[in-house]
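Chemist: I have a structure here, written as structure tokens, and I will follow up with some questions on it.
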Amino acid sequence: MYRRQSWLAAQQLLVDERAAIDRHVRELDRSAEDLAPLDREIAQDAMDDPAVNRLMTITGVNLAVAAGIVAAIADISRFSSPQKLVSYFGLNPRVRQSGLGAAHHGRISKIGRSHARAMLVEAAWAAAKAPGPLHAFFVRIRARRGHQIAAVAVARKLTVLCWHLLKKGEDYLWARPALVGNKTRAMQLQAGHPQQKGNWRGPAYAYNIQSLRDCEMLIAAQAEQSYNGSCHNGNRGGQNPGRGRLSSAGQHRQSGDACSRCVTLRHEVARARQP
């Protein structure tokens, strides 16, 4: 932030333009001061919330997004299916149908919790930039419908994923342990925990090890490749049943290998945190 302000101060501007920019910068600084205690309260409440910590295991979902989604959902038992939650966030397509005629699907309804929908779309853009199944899904939709529709589709996918994680009480399968540890440490600092120096190894210690981060990216890339292969086999349909069965078995084998590597990586990250 200070680097951006120093760059802005070094620009050659007219006197009235400089005065307007300085006024806006002071307003932003004042707003940041007002938001700081609110961010600290959110982090303090979220530290002991298992639902928030569970959603933070998803790539692209940070503390603000996870806390906002949990606040909007409240009790997950209110929604009997993921489609109910998708409709609650207004990410379901509009359906126009007259009588017994064919149903026509249009844009999303945008009926429901607009702030949660906006945060999910922002998380979708972040998830689309990182390797993994969500990135593969984004690329596949983008090739047919464009960037914006692909981002909304990923937001809908994230909503379904959040429903399953909260309903089943499980973490994201393709979570990156070192990245999750870094998110956890950032939440602790935002909550007001003191910074630890010396030989103490906190949750974010493993994120500083380049080899572990590279291993995480490799596993995520393998999961993305497995997702692409499964979609490719599904699109081929029954053109060659025998070959399709062999390819499907290979994809399951590849997915299982990536899953076992992910479990091994979690043990390596936990071992790295030990002093």
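Chemist: Does the stretch 122-142 hold any residues that are surrounded by fewer than 20 Cβ atoms within 10 Å (Cβ to Cβ) and aliphatic (A, V, I, L, M), and which are they?
Modeler: Answer for the stretch 122-142, where residues must be surrounded by fewer than 20 Cβ atoms within 10 Å (Cβ to Cβ) and aliphatic (A, V, I, L, M): Ala126, Ala130, Val139, Ile141.
Chemist: Moving on. Could you list all residues from the stretch 130-144 that are in a helix (DSSP H, G or I) and either in contact (Cβ under 8 Å) with a residue 12 or more places away in the chain or not charged (D, E, K, R) (or both)?
Modeler: Pro133, Leu134, His135, Ala136, Phe137, Phe138, Val139, Arg140, Ile141, Ala143
Chemist: Listed residues Arg30, Arg54, Arg23, Arg18; which is of a type in the set (D, E, K, R) and surrounded by 17 or more Cβ atoms within 10 Å (Cβ to Cβ)?
Modeler: Arg54
Chemist: On to the next question. Just checking, how many residues over the stretch 146-164 are surrounded by fewer than 19 Cβ atoms within 10 Å (Cβ to Cβ) and in contact (Cβ under 8 Å) with a residue 24 or more places away in the chain?
Modeler: 2
Chemist: Let me ask something else about it. State which residue is surrounded by the fewest Cβ atoms within 10 Å (Cβ to Cβ) when the search covers only the stretch 189-200 and only residues that are among the polar types (S, T, N, Q) and more than 19 Å from Ile42 (Cβ to Cβ).
Modeler: Ranking the qualifying residues of the stretch 189-200, first place goes to Asn199.
Chemist: For the stretch 177-202, which residues satisfy the criterion of being part of a helix (DSSP H, G or I) and without any contact (Cβ under 8 Å) to a residue 24 or more places away in the chain?
Modeler: Arg185, Leu189
Results for (1) surrounded by 19 or more Cβ atoms within 10 Å (Cβ to Cβ); (2) within 23 Å of Ile69 (Cα to Cα), shown as yes or no for each residue.
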site	(1), (2)
Arg144	no, no
Gly181	yes, yes
Gly202	no, no
Ala206	yes, no
Asp214	no, no
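Chemist: Something else: If I ask for residues that are in a helix (DSSP H, G or I) and either under 30 Å from the mean Cα position of the chain (by Cα) or among the hydroxyl-bearing types (Ser, Thr, Tyr) (or both), which ones from the stretch 1-24 would you list?
Modeler: Tyr2, Arg3, Arg4, Gln5, Ser6, listed by residue number.
Chemist: Is it true that some residue in the stretch 35-48 is surrounded by fewer than 17 Cβ atoms within 10 Å (Cβ to Cβ), in contact (Cβ under 8 Å) with a residue 40 or more places away in the chain and among the acidic types (Asp, Glu)?
Modeler: yes
Chemist: While we're on this one: So, in the stretch 72-119, of the ones that are in a helix (DSSP H, G or I) and among the aliphatic types (A, V, I, L, M), which residue ends up nearest to Ile42 (Cα to Cα)?
Modeler: Within the stretch 72-119, the match that is nearest to Ile42 (Cα to Cα) is Ala72.
Chemist: Any chance the stretch 69-79 includes a residue that's over 21 Å from Trp125 (Cα atoms), among the polar types (S, T, N, Q) and loosely packed, with under 14 Cβ neighbours inside 10 Å?
Modeler: yes
No value in this document is a laboratory result; all are computed from the given coordinates. A quick note: this is a predicted structure, and the numbers were derived from the prediction, not measured. Every residue, glycine as well, gets a Cβ built from its backbone with ideal geometry; the counts of neighbours run over all protein chains shown.
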